[in-house]
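Quick notes on the structure that follows.
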Amino acid sequence: MALTRELIVGTAMGILREYGLGDLTMRRLARDLGVQPGALYWHVKNKQELLTILAGMILEPVEKTAEVGIRSLALQVRSALLAVRDGAEVVALAHALTPETPSPLLRFAPLLAARGLAPRDAVWAAGALVHYVLGAVTQEQTRAGFIGAGLLADNTADTDAAFSFGLELFLAGLPAEG
């Protein structure tokens, strides 16, 4: 089978889903594909580019409609992140590496501006909301990993309710929709 970008990305997503970000190395990826690591770089520039591609795939299920509100978008992003092991960490890394790459995360600022925030404030508020969503899901996924490994007791509170509570606190501080 010929080595292609699609094969590399698909195999990388499989490793991520099955084993997590810690096991997703270029060396591991090459081994699983039966090629030398250098062969990967003909198709992806580096691991950072690969993570950016994976982040886009993770966020693909998020609706692209303009009618989606802030609450709905945040919940959809959370759901997409939770669907892939270490999804929040991958998206956070990709967002830090290339914050301008098109992503549902960039849709928060215009939605916040539509609520009456000044452009600069909308960007700052969007950054705070993105940090909340990524941080909350990263913590949730990290705890789940520790619980799965038997390192923590499974005394997890209702994570859906906890996330929604934090989101509502954030939204309560915004100007009323106008």
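The values are calculated or read from the model by the stated rules, or taken from the named source; none is laboratory data. Note that this is a predicted model, so its numbers are computed, not measured. Cβ: placed from backbone, ideal geometry, glycine included. Neighbour counts: every protein chain shown.
Answer yes or no: is there a residue in region 126-142 that is over 25 Å from THR65 (Cα atoms), of a type in the set (Val, Ile, Thr) and surrounded by fewer than 16 Cβ atoms within 10 Å (Cβ to Cβ).
yes
Tally the residues that are under 22 Å from LEU129 (Cα atoms) and either of a type in the set (S, T, N, Q) or in contact with an Asp or Glu (Cβ under 6 Å, 6 or more places away or on another chain) (or both), restricting the search to region 144-178.
Of the residues in that region, 2 qualify.
Within region 39-82, how many residues are of a type outside the set (D, E, K, R) and farther than 18 Å from GLY10 by Cα?
Counting residues in region 39-82 that are of a type outside the set (D, E, K, R) and farther than 18 Å from GLY10 by Cα gives 14.
In region 76-88, which residues are touching a residue at least 60 places away in the same chain (Cβ under 8 Å) and either in a loop (DSSP other than H, G, I, E, B) or surrounded by fewer than 22 Cβ atoms within 10 Å (Cβ to Cβ) (or both)?
Within region 76-88, VAL84, ARG85, ASP86 meet the criteria.
Which residues, counting only those in region 48-57, are closer than 17 Å to GLY22 by Cβ and surrounded by fewer than 18 Cβ atoms within 10 Å (Cβ to Cβ)? Explain how you work it out, then say what you get.
Here is the first cut: in region 48-57, the ones closer than 17 Å to GLY22 by Cβ are 48, 50-51, 54-55.
GLN48, the sole residue that qualifies.
Which ones in region 89-104 are in a loop (DSSP other than H, G, I, E, B) and surrounded by fewer than 19 Cβ atoms within 10 Å (Cβ to Cβ)? Break it down into steps so the answer makes sense when it comes.
Looking only at region 89-104, we keep the residues that are in a loop (DSSP other than H, G, I, E, B), and these are 98-103.
Scanning region 89-104 gives THR98, PRO99, GLU100, THR101, PRO102.
If a residue must be more than 23 Å from HIS95 (Cα to Cα) and at pLDDT 95 or above, how many such residues does region 40-68 contain?
Of the residues in region 40-68, 0 are more than 23 Å from HIS95 (Cα to Cα) and at pLDDT 95 or above.
Taking the conditions exactly as written (surrounded by 17 or more Cβ atoms within 10 Å (Cβ to Cβ), under 16 Å from the mean Cα position of the chain (by Cα) and outside any loop (DSSP other than H, G, I, E, B)), does LEU73 satisfy them or not?
Values: surrounded by 17 or more Cβ atoms within 10 Å (Cβ to Cβ): yes; under 16 Å from the mean Cα position of the chain (by Cα): yes; outside any loop (DSSP other than H, G, I, E, B): yes.
Answer is yes for this residue.
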